[in-house]
1. Among LEU72, VAL35, VAL7, which residue has its Cα furthest toward the positive end of the charge dipole of the chain, with +1 on Lys/Arg Cβ and -1 on Asp/Glu Cβ?
2. What is the chain by shape, rounded, prolate or oblate, if you read a ≥ b ≥ c off the alpha carbon gyration tensor as root eigenvalues and call it rounded for a/c under 1.5, prolate for a/b larger than b/c, and oblate otherwise?
3. Can you tell me the length gained on complete extension of the stretch GLU60 to GLU41, counting 0.36 nm per residue apart and subtracting the Cα distance?
4. Each residue of segment 36-50 in order: what ³J(HN,Hα) in whole Hz does its phi give by Karplus 6.51 cos²θ - 1.76 cosθ + 1.60, θ = phi - 60°, with x for Gly and Pro?
5. For the chain, take the longest principal axis of its alpha carbons; what is the angle in degrees between that and the long axis of helix 68-82, to the nearest 10 within 0 to 90?
6. Peptides 9-19, 60-70, 43-53: what's the order by average Cβ count within 10 Å, highest mean first?
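We did not get these values from a lab; they are worked out from the coordinates using the rules stated. Remember, predicted model here, so these are calculated numbers, not experimental data. Methodologically, a virtual Cβ is constructed for each residue, glycine included, from the backbone with ideal geometry; neighbour enumeration extends over all protein chains shown.
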Amino acid sequence: MPDNQLVQLMAEGDREACAELRDRHGLSVYAQLYVALGRAEAAERVVSETFDQAWRAAGEFNPRAGSVLVWLSSLARSLAAGRGVTPAAR
């Protein structure tokens, strides 16, 4: 099933669709956050928050604005920044 369809199902209350989307993209979102944050715990926490937010905002997803992975990545970055989580010193 395409990602866009999973998000539509999430908007209709389908928790299995959310779980499938997390199975598909959770590792990619985690990897992006881990590279940016440098801390596994922080990345894991923001991944969980990202999919919680995606569940709540699924009805607002606009496929013309980008792919589901781009949307999830944007949510993750916003959540990390909103919590004051900063990139690790390099």
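1. Highest projection toward the positive end goes to VAL35.
2. prolate
3. My answer for the length gained is 4.0 nm.
4. For segment 36-50, the Karplus curve yields 6, 9, x, 9, 4, 4, 5, 4, 4, 5, 5, 4, 4, 5, 4 Hz.
5. 40
6. Values: 9-19: 15.2, 60-70: 11.9, 43-53: 19.3.
Peptide ranking by packing, descending: 43-53, 9-19, 60-70.
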